[in-house]
Amino acid sequence: MNLEDLVRLRRARDTMDRDHAEPLDVPALAAAALMSPGHFSRSFRAAFGETPYSYLMTRRVERAKALLRRGDLSVTEVCFAVGCSSLGSFSSRFTELVGETPSAYRARDHSAGAALPACLAKVHTRPVKSAAGPVRNGEAAADAAP
């Protein structure tokens, strides 16, 4: 892969990080990266180890966990706030990555992590899908690495 392609892929990934709540799809991201959708998807996976959709959903679940820990929004409100248009898809992906449903995660006591600075809490609670299965109950990503 050439350097220009990597720069465009990183720009698309940065767009997903920044605008995760916006309606983003592969054709729009590919156009921004000046690539065809197929080439963009293959190149993104080769560069970052996961598909663009998977990366975007992981960012959305990451943000959803933060909103659910606050406890002032319903699961449905969180689903739409992070950019998902289907509660079923959101709940399925959340459960796959986190190991529990959004409702169960929201209901759990999160006071132990409240003293952590936001940057550490983000790293500690980052959802990571591994070959061994989903990360459960806030395990560190390093513990789940294959």
If His20 passes every condition in (1) within 20 Å of the chain's Cα centre (by Cα); (2) farther than 16 Å from Cys84 by Cα but one, which one does it miss?
(2)
So which residues in the stretch 32-59 are assigned to a helix (DSSP H, G or I) and closer than 23 Å to Thr95 by Cα?
Arg45, Phe48, Pro52, Tyr53, Ser54, Tyr55, Leu56, Met57, Thr58, Arg59
Index of the failed condition, Val78 passing every other in (1) modelled with pLDDT under 95; (2) surrounded by 14 or more Cβ atoms within 10 Å (Cβ to Cβ); (3) over 30 Å from Arg8 (Cβ atoms):
(1)
Restricting attention to the stretch 49-65, and to residues there that are exposed (fewer than 15 other Cβ atoms within 10 Å of the Cβ) and not hydroxyl-bearing (Ser, Thr, Tyr), which single residue is farthest from Ala21 (Cα to Cα)?
Gly49
Which residues, taken from the stretch 101-133, are surrounded by 16 or more Cβ atoms within 10 Å (Cβ to Cβ), modelled with pLDDT of 70 or more and in a loop (DSSP other than H, G, I, E, B)?
His110
Since Ser89 meets every condition but one in (1) over 18 Å from Glu22 (Cα atoms); (2) not in a loop (DSSP other than H, G, I, E, B), which condition does it not meet?
(1)
Selected residue [in a helix (DSSP H, G or I), of a type in the set (A, V, I, L, M) and surrounded by 15 or more Cβ atoms within 10 Å (Cβ to Cβ)] from Leu24, Leu6, Leu29, Leu73:
Leu29
Subset of the stretch 1-26 (residues that are in contact with a Leu (Cβ under 8 Å, 6 or more places away or on another chain) and basic (Lys, Arg))
Arg8
Would you be able to say whether some residue in the stretch 84-91 is in contact with a Gly (Cβ under 9 Å, 6 or more places away or on another chain) and buried (at least 19 other Cβ atoms within 10 Å of the Cβ)?
no
Residues being more than 22 Å from Val82 (Cβ to Cβ) and surrounded by 19 or more Cβ atoms within 10 Å (Cβ to Cβ) - total across the stretch 32-48
4
May I ask you to list the residues in the stretch 54-91 that are out of contact with any helix residue (DSSP H, G or I) (no Cβ under 7 Å at 6 or more places or on another chain) and not acidic (Asp, Glu)?
Ser54, Arg60, Arg63, Ala66, Arg69, Arg70, Ser74, Phe80, Ser85, Ser86, Gly88, Ser89
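The values are calculated or read from the model by the stated rules, or taken from the named source; none is laboratory data. Quantities reported herein were computed from a predicted structural model and do not represent experimental measurements. Every residue, glycine as well, gets a Cβ built from its backbone with ideal geometry; the counts of neighbours run over all protein chains shown.
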